1. For B:L170, are the conditions met, namely being surrounded by fewer than 22 Cβ atoms within 10 Å (Cβ to Cβ) and aliphatic (A, V, I, L, M)?
2. Within the stretch A:65-98, can you find the residues that are within 22 Å of A:R37 (Cβ to Cβ) and out of contact with any strand residue (DSSP E or B) (no Cβ under 9 Å at 6 or more places or on another chain)?
3. Among the residues of the stretch B:49-78, which ones are more than 14 Å from every other protein chain (Cβ to nearest Cβ), modelled with pLDDT of 95 or more and outside any strand (DSSP E or B)?
4. Within the stretch B:221-272, which residues are within 14 Å of another protein chain (Cβ to nearest Cβ) and either in a loop (DSSP other than H, G, I, E, B) or under 15 Å from the mean Cα position of the chain (by Cα) (or both)?
5. Of all the residues that make up the stretch B:85-101, how many are surrounded by fewer than 22 Cβ atoms within 10 Å (Cβ to Cβ) and modelled with pLDDT of 95 or more?
6. Mind checking whether some residue in the stretch B:21-43 is of a type in the set (F, W, Y), at pLDDT 90 or above and more than 18 Å from B:L143 (Cα to Cα)?
7. Do we have A:R183 as touching a residue at least 24 places away in the same chain (Cβ under 8 Å), charged (D, E, K, R) and either crowded, with 16+ Cβ neighbours inside 10 Å or closer than 30 Å to B:L147 by Cβ (or both) here?
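The values are calculated or read from the model by the stated rules, or taken from the named source; none is laboratory data. What you are looking at is a predicted structure, and each value in this text was computed from that prediction instead of being measured. Because the Cβ atoms are built from the backbone with ideal geometry, glycine has one as well, and the counts that use them run over all protein chains shown.
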Amino acid sequence: MTMARYLIASCLVSLGTALGAPGASAQVHAADWVSYRDAYRAMVVFEKYGGPKNYIQNHLQVVPLENGAVLDGLQLTLAAKASQVNLALDALGRTAFPLLKAAYDDNAALLLNRKIGAFSVRPRVSLLPQADGIYDEAQLRAACEQALGFARYADASLRTRQCGGVRFVFARRAGDIAVRLHRAEGADQTLAPVTGAAFQGEVGEGFPTVVYRFAGAERAQVISANPPLAIVPLFE
Amino acid sequence: MNKFSALALIMLSSSAAAQTPATNPMPDGSRDMYVGLGLASAARYEGAGDSERKALPVLQVQWSNGVFISGMSAGMHLSRNPQLEYGPLVELQPRRDESGNSGGIDGIEARNSIVALTSVKLDQNRLYGMTPVSTRLLGGGFLNYYLTPDWRLTGSLLLGAGNERDGARLDLGVQRLAMQVGVHHRVSVAAGLSFANAHYNTAFFGVDRLDSLRSGNPMYRAGSGLKDAHLGLRWNWDLTPSWMLSSQVQVKRLTGDARHSPLVERPTNTTVSAAFAYRF
């Protein structure tokens with residue numbers, strides 16, 4: 001056997017061994033996986049962003065690429081050499097992503113507990129929800145501007161976009177959605193929910209959503225009786 | 001804003017234009033390293049009519065301070081802006097002698113042919129009698145701009161090529177990074193142009209009087225200008241978080257004075273490669 005053939009054979013043997021034990025840890029049954037380093041690379045951009053971001057938050061989102069994928073019961077586990085951490089996913093497939101040097105150095109894996117077909121993972125910025133469900137128009141606008149500022153920082157092609165409003169996204173089984181616009185002069189207006197995708201470009205539909213579009217410099221509040229899953233900035 | 005898989009394993013730097021891996025932010029003190037072994041079929045030298053099969057090592061390392069090694073290139077990311085990448089760049093240009101371009105990495109010159117080379121008779125080898133072009137460490141810089149997180153314009157300028165160390169090459173290109181074609185499959189596409197000064201083209205495509213007498217090639221003075229246009233397609237298959245199969249096909253067409261050199265037997269060369277890489 002020539003040296004070159006020996007090297008190739010050794011490489012293939014090692015590969016076979018690795019395929020039998022995907023991820024840095026084989027303790028968790030994994031139906032699929034994502035590299036922690038790849039996720040870290042995408043998620044740390046928000047952490048390093050130096051602009052204002054006190055009204056916004058960043059999640060790692062598991063995004064099915066095929067229509068009809070169900071995220072209920074989906075679990076994500078961060079599997080490093082010495083530890084495993086369950087990362088709870090919300091109904092939109094999002095989780096708070098831990099930026100851990102130990103997991104990075106271990107080349108850890110993010111393990112999905114079941115197959116959901118083709119998917120990707122990506123950072124997802126949304127507005128921070130308020131515990132009392134009351135959102136000042138000025139605060140929503142400021143939060144949207146913060147999200148747009150970060151989006152422009154990460155993507156030069158968004159320079160010409162403007163904040164057009166926000167979308168409140170609710171759980172599929174949230175019951176009756178009651179969101180109203182309360183104006184300073186006392187006139188209230190109910191904002192009608194429509195069914196659609198939580199985020200622009202996603203295939204997963206069927207979420208009750210309420211869109212509030214910014215109009216002039218009115219002094220108003222958006223009052224939601226239901227806790228939203230997410231408040232999504234709308235760039236137009 | 002998704003820069004997942006912006007990885008560009010560079011293992012054929014001798015045949016590909018200098019490329020820089022995308023910025024890879026990581027925890028302080030960490031590094032991201034790929035090591036592997038690849039098989040490649042490439043032209044014996046730029047413009048050769050025959051090709052050879054080589055085993056080429058794969059190496060890409062990025063450190064948290066921005067320093068990177070990517071194949072035969074090394075550099076440092078200095079920008080903190082995610083839309084802009086720039087910094088110094090060095091590239092090891094392999095020796096070219098009668099047998100063609102040398103393989104090798106980190107200064108170790110070695111021909112790694114594991115399959116019998118295409119038989120080339122001496123009287124058909126246009127490099128026979130030509131002065132060898134010595135290994136050179138080229139120095140310069142790179143500048144990349146992201147139109148979107150998936151599209152970037154690339155540029156690099158490298159100086160110091162050729163025996164006289166006065167050759168300069170400017171590479172300009174556009175890359176589409178990381179098109180996901182499956183859960184663990186990603187494809188990237190790159191196209192570019194390489195410009196060279198007269199010294200560079202003279203070193204690799206010119207024939208002076210002494211070379212002409214020894215080789216039988218007609219004398220040829222190569223001027224500056226567009227040297228080649230190239231198009232590449234890379235497919236990365238993540239087998240596990242640690243193992244990857246990276247495959248590439250690249251087509252390069254020599255143009256201008258380089259194309260008309262008597263050393264050029266075929267202006268269009270195709271390079272095909274595949275390599276397993278382990279991520280540490």
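1. yes
2. Selection gives A:K81, A:A82, A:S83.
3. B:N65, B:L78
4. Initial filter on the stretch B:221-272 (within 14 Å of another protein chain (Cβ to nearest Cβ)): B:236-246.
Once the filter is applied, which keeps residues that are within 14 Å of another protein chain (Cβ to nearest Cβ) and either in a loop (DSSP other than H, G, I, E, B) or under 15 Å from the mean Cα position of the chain (by Cα) (or both), the stretch B:221-272 yields B:L239, B:T240, B:P241, B:S242.
5. Residues flagged as surrounded by fewer than 22 Cβ atoms within 10 Å (Cβ to Cβ) and modelled with pLDDT of 95 or more within the stretch B:85-101 amount to 4.
6. Within the stretch B:21-43, one or more residues are of a type in the set (F, W, Y), at pLDDT 90 or above and more than 18 Å from B:L143 (Cα to Cα).
7. When the stated conditions are applied, A:R183 does not pass them.
Residues are listed down the side, and each one gets a yes or a no for (1) more than 10 Å from every other protein chain (Cβ to nearest Cβ); (2) without any contact (Cβ under 8 Å) to a residue 60 or more places away in the chain; (3) in a helix (DSSP H, G or I):
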| site | (1), (2), (3) |
| --- | --- |
| A:V34 | no, no, no |
| A:A39 | no, no, yes |
| A:V44 | no, yes, yes |
| A:G51 | yes, no, no |
| A:Q61 | yes, no, no |
| A:A69 | yes, no, no |
| A:G73 | yes, yes, no |
